[in-house]
Amino acid sequence: MTSTSVAWHDVENGSYEADLFLWRELADSAHGPVLDLGSGTGRVAADLAARGHEIVALDADPELLAVLAERAPQVETVEADARSFALGRMFALVLAPMQLTQILGGHDGRVAMLERVHAHLIPGGTFAAALTDLREVILDETASPPLPDMLERDGWVFSSQPVSLAADDDGLRVERRRQAVSPGGEIEETMTTIAFDFVSADRFEAEARAAALEPVGRREIPETLDHFGSTVVVCRR
């Protein structure tokens with residue numbers, strides 16, 4: 001059976017493509033090596049590497065990185081935390097796709113990441129981070145419940161569906177039902193909760209300035225049938 005951490009990562013994140021146009025555009029303009037934070041199994045890193053870019057993929061999960069190394073051997077992988085990495089090299093572009101900046105444990109976690117980003121960017125280098133307005137997710141009472149994300153692999157069928165949302169002053173907790181059906185029909189079901197911080201683009205830009213990164217604009221990632229849209233904050237060192 002496929003590693004469960006890899007399977008659930010691919011089920012819940014691997015098929016998302018709405019943001020790739022922007023990462024490609026930024027990489028084409030960077031003219032130098034690219035660091036992909038929270039790379040997972042390489043949704044973004046492998047795509048950019050296939051387009052000829054020099055990519056370093058950073059993630060804290062060694063199982064995800066092992067799969068990335070198999071899928072895209074040209075990508076250099078580094079097991080490290082986005083809040084504490086020290087690679088001893090500089091990059092023209094650092095990316096934080098999807099909601100990485102919203103799962104770092106609040107303000108202190110984001111500040112730690114921003115300081116590490118600054119330390120690894122060349123002068124004039126670019127940092128781009130995606131943010132989802134989670135308050136809109138809560139307020140949209142007319143939205144239909146999302147369909148489950150599904151994936152078939154090695155004869156197993158994996159299904160993951162958000163079943164409840166809970167919010168407080170700091171963020172949003174999403175409870176997902178994960179179900180794996182074996183080739184023989186046996187069902188394994190678990191519940192998992194993922195916590196996201198509320199972070200507006202204005203607040204993130206202020207945090208970036210405090211880390212000596214200057215915001216230079218925002219880009220929008222469109223909403224899809226399966227995913228909410230996001231705002232990408234672009235900064236320069």
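The values are calculated or read from the model by the stated rules, or taken from the named source; none is laboratory data. Since the model is a prediction, treat every value here as computed from it, not as a measurement. Cβ sites come from the backbone with ideal geometry, for glycine too, and all protein chains shown count toward neighbours.
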Closer than 21 Å to Arg116 by Cα, surrounded by 16 or more Cβ atoms within 10 Å (Cβ to Cβ) and either in contact with a strand residue (DSSP E or B) (Cβ under 8 Å, 6 or more places away or on another chain) or charged (D, E, K, R) (or both): is that true of Arg237 in this structure? yes
Looking at (1) at pLDDT 95 or above; (2) part of a strand (DSSP E or B), which is the only condition Val111 fails? (2)
For the range 171-190, enumerate the residues that are touching a residue at least 12 places away in the same chain (Cβ under 8 Å) and either under 15 Å from Asn13 (Cα atoms) or surrounded by 13 or more Cβ atoms within 10 Å (Cβ to Cβ) (or both). Gly171, Leu172, Arg173, Val174, Glu175, Arg176, Arg177, Arg178, Gln179, Ala180, Val181, Ser182
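Filter the range 42-88 down to the residues that are in contact with a helix residue (DSSP H, G or I) (Cβ under 7 Å, 6 or more places away or on another chain) and either of a type in the set (Lys, Arg) or under 18 Å from Trp8 (Cα atoms) (or both) and list them by number.
Within the range 42-88, Gly42, Arg43, Val44, Arg51, Asp59, Asp61, Glu63, Leu64, Val67, Leu68, Arg71, Arg83 qualify.
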Filter the range 198-224 down to the residues that are within 19 Å of Leu22 (Cα to Cα), among the hydrophobic types (A, V, I, L, M, F, W, C) and modelled with pLDDT under 95 and list them by number. Ile221
Would you call Ser144 closer than 22 Å to Leu37 by Cα, polar (S, T, N, Q) and at pLDDT below 95? no
Taking the options Ala7, Ala18, Ala27, name whichever one is in contact with a Phe, Trp or Tyr (Cβ under 6 Å, 6 or more places away or on another chain), touching a residue at least 24 places away in the same chain (Cβ under 8 Å), farther than 15 Å from Val78 by Cβ and of a type in the set (Gly, Ala, Ser). Ala7
Can you tell me which of Glu17, Glu12, Glu70 is part of a helix (DSSP H, G or I) and either at pLDDT below 95 or among the β-branched types (Val, Ile, Thr) (or both)? Glu12
State which residue is farthest from the chain's Cα centre (by Cα) when the search covers only the range 217-234 and only residues that are of a type in the set (A, V, I, L, M) and surrounded by 13 or more Cβ atoms within 10 Å (Cβ to Cβ). Val234
I'd like the full set of residues that are within 16 Å of the chain's Cα centre (by Cα) and either surrounded by fewer than 17 Cβ atoms within 10 Å (Cβ to Cβ) or farther than 16 Å from Ile194 by Cβ (or both), limited to the range 107-121. Arg110, Met113, Leu114, Val117
